Amino acid sequence: MRPLEDYLVIDFSQFLSGPSASLRLADFGARVIKIERLGVGDICRTLYTSDLIMNGESSVFHAINRNKESLEVDLKNEDDKKLVQELLKKADVMIHNFRPGVMERLGFDYNAVAVLNPKIIYGEISGYGTGGDWKGKPGQDLLLQSVTGLTSLTGNEDSGPVAMGLSVVDMLAGAHLAQGILACLYRKVVKNEGGFVQVSMMESAYDFQFETITTFMNDGGCLPQRSKKNNANAYLGAPYGIYQTENGYLSLAMGSIPVLGKLLGCAELLDYTDVMEAYSKRDEIKAILAKHLLTGSTAHWLSILEPADIWCADVLNWDTLMAHDGFKSLNMIQEVEMADGYQYQTTRCPIRIDGELLTSAKGSPKLGQDNTQIKEFINQNIIADA
């Protein structure tokens, strides 16, 4: 039995942040019902992150909404609104990620839902919080990366601002919401209380940078300086970075410069005996390393460095990664099937509980595919409560 079996989650959220939180709850065994707008559904159904369309809809929708149900409703219609209200009376958790004020207008803000179900765990994600001048701005991942300083950490010194190649702030906010919900579910078991969990993407992005922000705040306000070449962390000294080799790339983490010089046969590095030179002369050390590593293959350098317990790695793309035995041994890929028989491959939950892989064969829902079943569930509960 999975930890959240018999728990009911009502998910109004769309795009990535909220659905990533409900995906994790579904992986833990919860029944997740997506509340989707009549005729439109989750905007993520048509928000294409690539030119890949899977079974008529966006690949990202399928990736983040597997193992869920879909209830298609018009929340401005009183009958549909009452239907959702009845569902919320039975729910353990509700999630949304609309801008501040939207749920109040729809009549599904925390205060309204708490009247229906005082013990519900109500979770919401906003872009910039519920107060302040920015609260009405669009909570979109690239915009949040830009205003929270994240883009100043990636790339080399002369690269300008560089965004991460993933919707990282969305996923962080979703993870934080799931954590808050799980904490409140535990409190509910212990104290029989509901709860109101609030997460903003902006605060999640700040928390993500807790190491660098702490350094900045205690370093006289000095801004982080990315290295001119091979930057991988604005605060770390040489050799930290990714380097091109004769036939690929090699990543190097922290390590003694003269030890590296001896192992690699690079005489120029032997003179950097002062540990602090890894920081004060970071750029010139990296330039020497970059030039030297081009003279051999990745496999050649790894064969020298790995036996010496130097922190290093090959740099793989998805083709080479998925062909690797280390990846295959994890069984990270699962095949799921939609109600119409369409099958696709995707990742599984990365968490194991009691040694069990948390996989599921259930794919993403078609818009409104579960309306009949959910309405029957509501009617049965109304009769049982009468």
* To do: For the chain, find the longest principal axis of its Cα atoms and tell me its angle to the long axis of helix 371-385, 0 to 90°, nearest 10.
  => 60 degrees
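For n ≥ 4 DSSP H runs only, could you compute -39500 (n - 2.57) per run for the chain, divide by its residues and tell me the 222 nm figure to the nearest 500? Working shown, then result.
Values: 16 runs with 145 residues, N = 386.
Rounded to the nearest 500, the figure is -10500 deg cm²/dmol.
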* Asked: At what distance in nm do the modelled label points of Ala175 and Leu47 sit from each other, each positioned 7 Å from its Cα along Cα→Cβ?
  -> 1.9 nm
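Once the piece of chain linking Lys89 and Asp74 is laid out straight, how much longer is it, given 0.36 nm per residue of separation minus the C-alpha distance between them? Mind showing how you got there, number by number?
On the way: separation 15, 0.36 × 15 = 5.40 nm, distance 1.86 nm.
Answer, rounded to one decimal: 3.5 nm.
Starting from 0.36 nm per residue, how many nanometres of slack lie between Leu106 and Tyr279 once their C-alpha separation is accounted for?
Details: separation 173, 0.36 × 173 = 62.28 nm, distance 5.52 nm.
Stretched out fully, the Leu106 to Tyr279 stretch lengthens by 56.8 nm.
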* Points 7 angstrom from Cα along the Cβ direction at Val115 and Asn55: gap in nanometres? -> 3.9 nm
* To do: Determine the principal axes of the Cα atoms in the range 1-151, then give the extent along each, sorted from largest to smallest and rounded to whole angstroms.
  => 42, 40, 33
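At a 10 angstrom cut-off on C-beta neighbours, averaged per residue, how do the peptides 81-88, 374-381, 185-192 rank from highest to lowest?
Details: 81-88: 18.8, 374-381: 14.6, 185-192: 11.9.
Highest-to-lowest ranking by the protection proxy: 81-88, 374-381, 185-192.
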* **For the chain, share of DSSP beta bridges that run antiparallel, in % to the nearest 5** => 40 percent
* To do: Measure off 7 Å from each Cα along the Cα-to-Cβ vector at Met332 and Ala384, then give the distance between these two points in nanometres to one decimal.
  => 4.0 nm
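Starting with the highest mean, order 266-272, 335-341 by the number of other Cβ atoms within 10 Å, averaged over the residues of each peptide.
Values: 266-272: 15.7, 335-341: 13.4.
Ranked from most to least packed, the peptides come out as 266-272, 335-341.
Can you give the extra length, in nm with one decimal, that the chain gains between Ile353 and Met217 once fully stretched, where that is 0.36 nm per residue apart less the Cα-Cα distance?
Values: separation 136, 0.36 × 136 = 48.96 nm, distance 3.85 nm.
The Ile353-Met217 span can extend by a further 45.1 nm.
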* To do: List, largest first, the extents of the alpha carbons of the range 45-127 along their principal axes, each in whole Å.
  => 44, 28, 23
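Suppose R0 equals 22 Å; then what is the FRET efficiency for Leu143 and Asp340 from their Cβ-Cβ distance, rounded to the nearest 0.05? Walk me through the numbers before you get to the answer.
Details: r = 36 Å, r/R0 = 1.63.
With R0 = 22 Å, the Cβ-Cβ based efficiency is 0.05.
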* Asked: Given a Förster radius of 22 Å and the C-beta distance between Leu294 and Met322 as r, what FRET efficiency does 1/(1 + (r/R0)^6) yield to the nearest 0.05?
  -> 0.20
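As a test of understanding, state the convex hull volume per residue of the range 141-272 from its alpha carbons, in Å³. Spell out each step's value before the answer.
Values: hull volume 23.8 nm³, N = 132.
Hull volume over Cα atoms, normalised by residue count, gives 180 Å³.
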* Calculated FRET value between Trp311 and Tyr235, using beta carbons and R₀ = 22 Å, to 0.05 -> 0.85
* Which whole-number percentage describes the relative contact order of the chain, with Cα contacts under 8 Å and a sequence gap of 6 or more? -> 16 percent
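Taken together, the values in this text are just the output of simple stated rules run on the coordinates, not laboratory data. Treat the numbers as computed from the prediction; the structure is a model and nothing was measured. Cβ sites come from the backbone with ideal geometry, for glycine too, and all protein chains shown count toward neighbours.
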